[in-house]
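Let me begin by presenting the structure, written as structure tokens, before commenting on it.
Each value in this text was obtained by applying a stated rule to the coordinates, not by laboratory testing. No experiment lies behind these values; they were computed from the predicted model shown. Backbone-built Cβ (ideal geometry, glycine too); neighbour counts: all protein chains shown.
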Amino acid sequence: MRSKTVFVCTECGNEFPKWMGKCTACGSWNTLVEETVITGRQNGAKKRGGGSAAGFDAVGQDSVPRRLSEISTEEEPRIPTGLSEFDRVLGGGLVPGSLVLLGGDPGIGKSTILLQICSHMGGERKILYVSGEESLRQIKLRADRLGVSCDNLKIYSETNTENIIEYISREKPEILVVDSVQTMFNPNLEPAPGSVSQIRDVAAMLMRVAKTFSIATFLVGHVTKEGSIAGPKILEHIVDCVLYFEGDRNRAYRIIRAIKNRFGSTNEIGVFEMGPNGLDEVKNPSSAMLSGRPVNVPGSCIACTMEGTRPVLAEIQALATPTAFGNPRRMTTGVDFNRAVMLMAILEKHAGIRLSAYDTYINVVGGLRMTEPAADLAIVLAIASVFKNKPVPENVAAAGEVGLTGEIRSCSFIENRIQEAEKMGFGKIIVPHIDVRAAKRYNNIEVCQYSNILQILKNVF
Ligand SMILES: Nc1ncnc2c1ncn2[C@@H]1O[C@H](COP(=O)(O)OP(=O)(O)O)[C@@H](O)[C@H]1O
Ligand SMILES: [Mg+2]
């Protein structure tokens, strides 16, 4: 048995004999880290594979090619998690045998939500919660605080994957939580827990167990300071579903977003609020996002964006102050920076708003991230409002994409957006002119259709 040093890319997981500045496999810069691996263990490795394969015979009956027509297409059965917001993100509930990776900043509430889900699902199902981060006592204290008590839920404070597998093969739980994948380790591998080889091994092993015994598995993943899940990208490729827990730690709202989902859409978000009793669902995100907003002050406008199939209203705020130095400063939170800079350029060119002499800041209230171009109109209105020092009337919402010539372009789901604004008590919504679907009459909301920003600015201010 000999050990040798290799360099592993943290992005793609490829191994190299020497260090390089750039990974030649995936092209990322400065991602190779040094790791020690044991060689000359082929026999041992085979035995290991064969030994642990006693319980799980790889993919079983699926390992024969079949005709498409022979494959049954029954709906995957789903296990409700007890939190409808979480079910929505998963695409209607948890699929047995699937692997779900949950990433997020420290303290955002990953362990909390998983413990809550376990208590909801633990009625008639056996659940194993493996924690490599907290002691049994710490988990018990949290469970008491959250009011979780469930006899089918077993807590296991362990990091050695061999012991975990051994326990799972014996007890066959239906739901497994591993908190976190970075703390688990295979004692047969040399590198420390959290290294690329360990994470890759742990994930592959859990995948095998999940598929063999049809265990729905949650993996908690740490995130790096860039915000992606720590470890090789292949971790995200292995699992069926990648969820990110986002939100401002200092504020109560938390959003779960699916980045990858083999069993549903990746557009849905689940909104939660952190309280002393854990995470509560926010069934109506619009009213949560709009609560406490200032009325009739310049620099604020309500955008109506779609999060998956659900319209959400949120406040966009803008601030413009004279530039002290030559270069004006731009800063955005919650909207795409480049998109915001483009909208400022459009305002400067087509509406004569001299933003080049102003530092401009844009913020989406409530920690929401708006990636949709339909938020353009509200951004433009918020900036114009602060610049002209005139408020956008408090009962006005806006949805529409702004083009480079200052035209207002159509956006999808216009009817849903109008209905949401109507439901939330808005009296007026500004939408693109070309959307014929918007021309329908609504009882409690006036739909104002415009074709370019100059028209809007003239009429609103
Ligand atoms: N006694 C408490 N009362 C209210 N909130 C608490 C309490 N203890 C912890 N929290 C909240 O729970 C969060 C920790 O959640 P946790 O699930 O441990 O996060 P993660 O597992 O993502 O690191 C804290 O950031 C805090 O907001
Ligand atoms: Mg935790």
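Restriction of the GluC sites (Glu not before Pro) in the stretch 75-145 to DSSP coil positions whose beta-carbon has at most 13 other beta-carbons within 10 angstrom yields Glu75, Glu124.
Between Glu34 and Leu136, what is the FRET efficiency for a Förster distance of 41 Å, r being their Cβ-Cβ separation, to the nearest 0.05?
In this case the efficiency is close to 0.70.
Diagonalising the gyration tensor over the Cα atoms of the chain and scaling each eigenvalue by 5 before taking the square root yields semi-axes of 47, 26, 21 Å, largest first. When each of the peptides 410-419, 135-144 is scored by how many other beta carbons lie within 10 Å of its residues on average, the order from highest to lowest is 410-419, 135-144. Among DSSP beta bridges whose residues both lie in the stretch 77-283, state the antiparallel percentage, nearest 5. Around 40 percent of the beta bridges assigned by DSSP in the stretch 77-283 are antiparallel ones. For the chain, give the share of DSSP beta bridges that are antiparallel, in percent and rounded to the nearest 5; count only bridges with both residues there. About 55 percent, rounded to the nearest 5. Each residue of the stretch 293-460 gets 99 Å³ once the volume of the Cα convex hull is shared out per residue. The spacing between the stretch 1-34 and the stretch 277-311, judged by their C-alpha centroids, is 45 Å.
Sorted by mean Cβ packing within 10 Å, highest first, what order do the peptides 225-233, 106-114 take?
Taking the mean over residues of other Cβ atoms within 10 Å, the ranking is 106-114, 225-233.
Using +1 at the Cβ of each Lys and Arg and -1 at the Cβ of each Asp and Glu in the stretch 293-460, identify which of Gln317, Val341, Tyr358 lies farthest towards the dipole's positive end. Checked the options; the winner is Tyr358.
What separates the Cα centres of the stretch 396-424 and the stretch 334-366 is a distance of 18 Å. Short-range pairs are left out: with C-alpha atoms under 8 Å and at least six residues apart, the relative contact order of the stretch 77-283 is 30 percent. Normalising the average separation of contacting C-alpha pairs (under 8 angstrom, six or more residues apart) by the number of residues puts the relative contact order of the chain at 12 percent. Isolated cysteines in the chain, defined as those with no second cysteine Cβ under 4.7 Å, comprise Cys118, Cys150, Cys241, Cys301, Cys304, Cys411, Cys448. DSSP beta bridges confined to the stretch 293-460 are antiparallel in about 55 percent of cases.
Considering helices alone, the calculated mean residue ellipticity of the chain at 222 nm is -8000 deg cm²/dmol, with DSSP H runs of length four and up weighted by -39500 (n - 2.57) and normalised per residue. Pairs from the list Lys233/Lys260; Lys423/Lys458; Lys110/Lys260 with a Cα-Cα gap above 23 Å: Lys423/Lys458. Candidates Gly123, Thr266, Cys301 compared by Cα position along the dipole of the chain: farthest toward the positive end lies Cys301, with charges placed on Cβ.
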